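Just below is one structure, and these are the notes that go with it.
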Amino acid sequence: MTRLLACLLSLLIHGVADADCRTGATVTLLHFNDFHGQLEPDTDAASATGHPVGLGGLARLAATVARVRAENPDRPVLLLFAGDLLQGTVSSSLFLGIPDVILFNRMGVDAAVMGNHEFDYGQDVFRRLAGQADFPFLSANIQTHPEPLPVQPSLVIDRPDSPTVALLGLTTPELTTATHPRNAVGVSVEDPVTVARRLVPELREQADLVVVLSHLGLTDDRRLAQAIPEIDLIVGGHNHFVLEQPVLEGDVVIVQAGERGHWLGRLDLACREGRLERTAYRLLPMDASVPEDPEMATEVARIVAEAESGLAEEIGMAAVDLSARREDIRRGEAVFGNLMADLAREVTLADVALFNAGGFRASIPAGPVTLKQVYQAFPFRNELVVGQLTGAQLIAALQRSAAFDPEDNPGGLLQVSGLRYVIADRRLASASLQDGPIDPERLYQVVMPDFLAAGGDGYAMLTEMTAPVMTGRLISDLLIDAIRHGKTIAPVLDGRIRRGSP
């Protein structure tokens, strides 16, 4: 054990020093997050890392969970999922997450927090998923009206000869802006810190270990830990961060395990003299060295094959990598963003194109391009909308884009065509059209996904678009048509988004 990890773990023990667990009792917590429908190993990850067969896959996760449980049948093992079950693969889009929940049941998930993507196919789809689950979805700060959600705020797990574990579920307030606005009708969100401040003391009285199962993101997890030090552990998600060592905020430990089942976090706890001790934490990579559960692998292969029937067709070539890595497309100018914004402006003859970076969900490597790759890159079925905005409204949108914290890999960052803008210290330092300044009073023809036109990612000013026209053209079809018609897919960076001084 490294000295740093030993320090972190000793502080975790200190955080529950007043607990009255039974000496000798043990418990292991396993966790993963941001699954996004990745039933099979992630070949997008394979292209980014050079791994021959991809990372993750539910069959590897299931086999690893079973192996940990088999190490000591008398030791309780809790499997926790920190949100975003849906959205990101063809099978998820086609089957709406039902196979995923059924296989989560088989794997023995004990609890999940509701993520912001759980509403992407509508609230009714999430209600059906929750009805299929053998485990509870938790969220203490999200309510819907008039029909309540099938979630509960917390869960206390009290098993024989095991420390009592209390789980509190918290969902990012971005739920109402990160999904299409039509999916957030009737949704109310309470501040996570306010909710936790109200509920944690009661849970503290019931449990040896108080865990927040969080889909807030690391920055808000830190704020939560600062505000409520009575929390012992935050099992987080939303950012897709790979935290190989826990993050310490005061005496509160925060963990997060990447995305799409690439990793499984493991925390071991034992109780001695009323205190949790001998803690260890590891982030287990789900790579090719990890065996698969054969029955799960067979079932996954059947589901994926059914979903992807006919999608292996090669439609053309990409001359360069079209990266949708969050660190690329959500922090500044990206070739994939330039390509799609330029295509949209070209086919609609608009002055300006705006694309939210969060709409790009998978990379397309250089080489032959298949329908599957395009549909995984753009699974939301967003449609292009054309309308008019004033220069002042355009500038307001760019100001919002500039204000996002790049360290959070914000999906609301705007990829653009027809203009340039500079961000300095999370402020809009300058903005101009390709051929001159932006006139605040002039009307400009602007094209964007319907998600943005409806105010998604908090772009309320874009809902003020005048004379909006739904083009009927899906973003995925925009790329498919361009590739099929032999357009050269070799976008470059040209400085249209910069960070620094004007």
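Run through the DSSP bridge list for the chain and note the antiparallel percent, rounded to the nearest 5.
Of those bridges, close to 65 percent are antiparallel.
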*Relative to the first principal axis of the alpha-carbon coordinates of the chain, what is the inclination of helix 58-71, with its axis defined by its Cα atoms, in degrees from 0 to 90 and to the nearest 10?*
10
*Measure nothing fancy, just the Cα-based angle from helix 391-403's long axis to the longest principal axis of the chain, in degrees from 0 to 90, nearest 10.*
30
_Top positive-direction residue, dipole computed over the chain with Cβ charges, set Leu39, Val347, Thr463_ = Val347
*asked:* Out of the total accessible area of the chain (probe 1.4 Å, heavy atoms of protein only), what percent is carbon and sulfur?
replied: 50
*Solvent accessible area, Å² - Asp439, 1.4 Å probe, full protein context*: 70
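Taking a ≥ b ≥ c as the square roots of the eigenvalues of the Cα gyration tensor of the stretch 408-502, is the shape rounded (a/c under 1.5), prolate (a/b larger than b/c) or oblate?
oblate
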*Evaluate E = 1/(1 + (r/R0)^6) for His485 and Ala70, where r is the Cβ-Cβ distance and R0 equals 51 Å; express this FRET efficiency to the nearest 0.05.*
0.40
_With every atom except the alpha carbons ignored, what do you get for Rg and Dmax of the stretch 125-251, in angstroms?_
15.0, 47
*Mind giving me the nanometre distance, one decimal, between the label points for Thr471 and Glu327, set 7 Å out from Cα along Cα→Cβ?*
3.3
*Ranked from the most accessible area to the least, with a 1.4 Å probe and all protein chains present, what is the order of Ile102, Ile395, Ile231?*
Ile102, Ile395, Ile231
*What does the accessible area per residue of the chain come to in Å², with a 1.4 Å probe and no ligands, DNA or RNA counted?*
39
*Stretch gain in nm, segment Asp439-Glu314, where the contour uses 0.36 nm per residue and the Cα spacing is subtracted*: 40.6 nm
*Taking all pairs of different Cα atoms in the chain, averaging 1/r and flipping that mean, what Kirkwood radius in angstroms comes out?*
23.6
*For the stretch 219-265, which GluC sites (Glu not before Pro) are in a loop by DSSP, counting at most 11 other Cβ atoms within 10 Å?*
none
*Give me the distance in nm between label points sitting 7 Å out from Cα along the Cα-to-Cβ direction at Thr463 and Gln206, one decimal.*
3.7
*Find how much the distance from Ala280 to Glu147 grows on full extension, using 0.36 nm per residue of separation minus their present alpha carbon separation; answer in nm with one decimal.*
43.6 nm
*Hey, with R₀ at 35 Å, roughly what FRET efficiency would Val187 and Asp134 work out to, going by the Cβ-Cβ distance, to 0.05?*
0.85
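If a/c stays under 1.5 just call it rounded; otherwise compare a/b with b/c (prolate if a/b is bigger, oblate if not). Do that for the stretch 326-413, with a ≥ b ≥ c from the square roots of the Cα gyration tensor eigenvalues.
Values: a/c = 2.17, a/b = 1.26, b/c = 1.72.
Oblate is the answer for the stretch 326-413, as a/c is 1.5 or above yet b/c matches or exceeds a/b.
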*Rounded to the nearest 0.05, what FRET efficiency is calculated for Glu306 and Arg198 with R0 set to 56 Å and r the Cβ-Cβ distance?*
0.75
_For Met461, Met296, Met470, give me the order by solvent-accessible area with a 1.4 Å probe, most accessible first, ignoring ligands, DNA and RNA._
Met470, Met461, Met296
_Separation of the Val156 and Arg426 label points, Cα + 7 Å toward Cβ, nm_ = 3.8
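The values are calculated or read from the model by the stated rules, or taken from the named source; none is laboratory data. Worth saying up front: this structure is predicted, and the values here are computed from it rather than measured. FYI the Cβ positions are ideal-geometry reconstructions off the backbone, even for glycines, and counts take in every protein chain you see. Calculation scope for accessible area: heavy atoms of the full protein, side chains included, ligands and nucleic acids excluded. Shrake-Rupley method; radii C 1.70, N 1.55, O 1.52, S 1.80 Å.
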